[in-house]
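Following: one structure in structure tokens, then a few remarks.
The values are calculated or read from the model by the stated rules, or taken from the named source; none is laboratory data. Everything numeric in this text was worked out from a predicted model, so none of it was measured. A quick note on method: Cβ atoms are made from the backbone with ideal geometry, for glycine too, and the neighbour counts reach across all protein chains shown.
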Amino acid sequence: NDGTQVPVKIVYEDDGSFELEVGSPPTAALIKKELGIEKGSGYAKRSFVANISVEQIKKIAIQKLPGLLSYDVKNAAKEVAGTCVALGITIDGKNPRDFKEKVDSGAYDDILSE
């Protein structure tokens, strides 16, 4: 019990039975937990509140992969990076908007290979 919030869906049946479906925590929650921060930047495009490594991005991408539209870790990492943009978090000290192009060019293939 680490306090991580997760989405929960309760499905009630006509006979009174029910089923609980526990989802994966939101990507933003995983990033904030990984970095030990409470919240993102209120000015994400201008003010950065933390830095995350590509290795940490990969860890979160692997956790989220089953619930994402992405079909591999590289593309899942780009989705995680998109959340970093919204939170105001740099990736390896650089603007997270540049991450997608670097991934596409193969700059992180050694780290993001499965």
Within the range 16-41, considering residues that are polar (S, T, N, Q) and surrounded by 10 or more Cβ atoms within 10 Å (Cβ to Cβ), the one farthest from LEU68 (Cα to Cα):
SER41
Determine whether the range 36-56 contains at least one residue that is under 9 Å from the mean Cα position of the chain (by Cα) and under 15 Å from ILE89 (Cα atoms).
no
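Could you tell me whether VAL85 is in contact with a Phe, Trp or Tyr (Cβ under 7 Å, 6 or more places away or on another chain) and either surrounded by 15 or more Cβ atoms within 10 Å (Cβ to Cβ) or of a type in the set (Lys, Arg) (or both)? Walk me through how you get there before you give the answer.
Values: in contact with a Phe, Trp or Tyr (Cβ under 7 Å, 6 or more places away or on another chain): no; either surrounded by 15 or more Cβ atoms within 10 Å (Cβ to Cβ) or of a type in the set (Lys, Arg) (or both): yes.
The answer is no for VAL85.
From the residues in the range 101-114 that are of a type in the set (A, V, I, L, M, F, W, C) and surrounded by fewer than 17 Cβ atoms within 10 Å (Cβ to Cβ), which one is farthest from the chain's Cα centre (by Cα)?
Pass one, the range 101-114, residues of a type in the set (A, V, I, L, M, F, W, C): 103, 107, 111-112.
Those still in the list that are surrounded by fewer than 17 Cβ atoms within 10 Å (Cβ to Cβ) too: 107, 111.
Working: ALA107: 20, ILE111: 16 Å.
My answer is ALA107.
Only one residue in SER70, SER47 is in contact with a Gly (Cβ under 8 Å, 6 or more places away or on another chain), small (Gly, Ala, Ser), modelled with pLDDT under 95 and on the phi < 0 side of the Ramachandran plot, so which one is that? Talk me through it step by step, then tell me what you get.
Details: SER70 fails: in contact with a Gly (Cβ under 8 Å, 6 or more places away or on another chain).
Being in contact with a Gly (Cβ under 8 Å, 6 or more places away or on another chain), small (Gly, Ala, Ser), modelled with pLDDT under 95 and on the phi < 0 side of the Ramachandran plot holds for just one of SER70, SER47, which is SER47.
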Check off (1) free of Cβ contacts under 8 Å to residues at least 24 places away in the same chain; (2) of a type outside the set (S, T, N, Q); (3) exposed (fewer than 14 other Cβ atoms within 10 Å of the Cβ) for ASP98 and give me the number that stays unchecked.
(3)
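Being buried (at least 16 other Cβ atoms within 10 Å of the Cβ) and more than 22 Å from ASP2 (Cβ to Cβ) is the requirement here; does SER70 meet it? Let's see the steps before the verdict.
Numbers: buried (at least 16 other Cβ atoms within 10 Å of the Cβ): yes; more than 22 Å from ASP2 (Cβ to Cβ): yes.
When the stated conditions are applied, SER70 passes them.
On the basis of being farther than 20 Å from ASP109 by Cβ and of a type in the set (Val, Ile, Thr), does VAL85 make the cut?
Values: farther than 20 Å from ASP109 by Cβ: yes; of a type in the set (Val, Ile, Thr): yes.
So VAL85 fits the description; yes.
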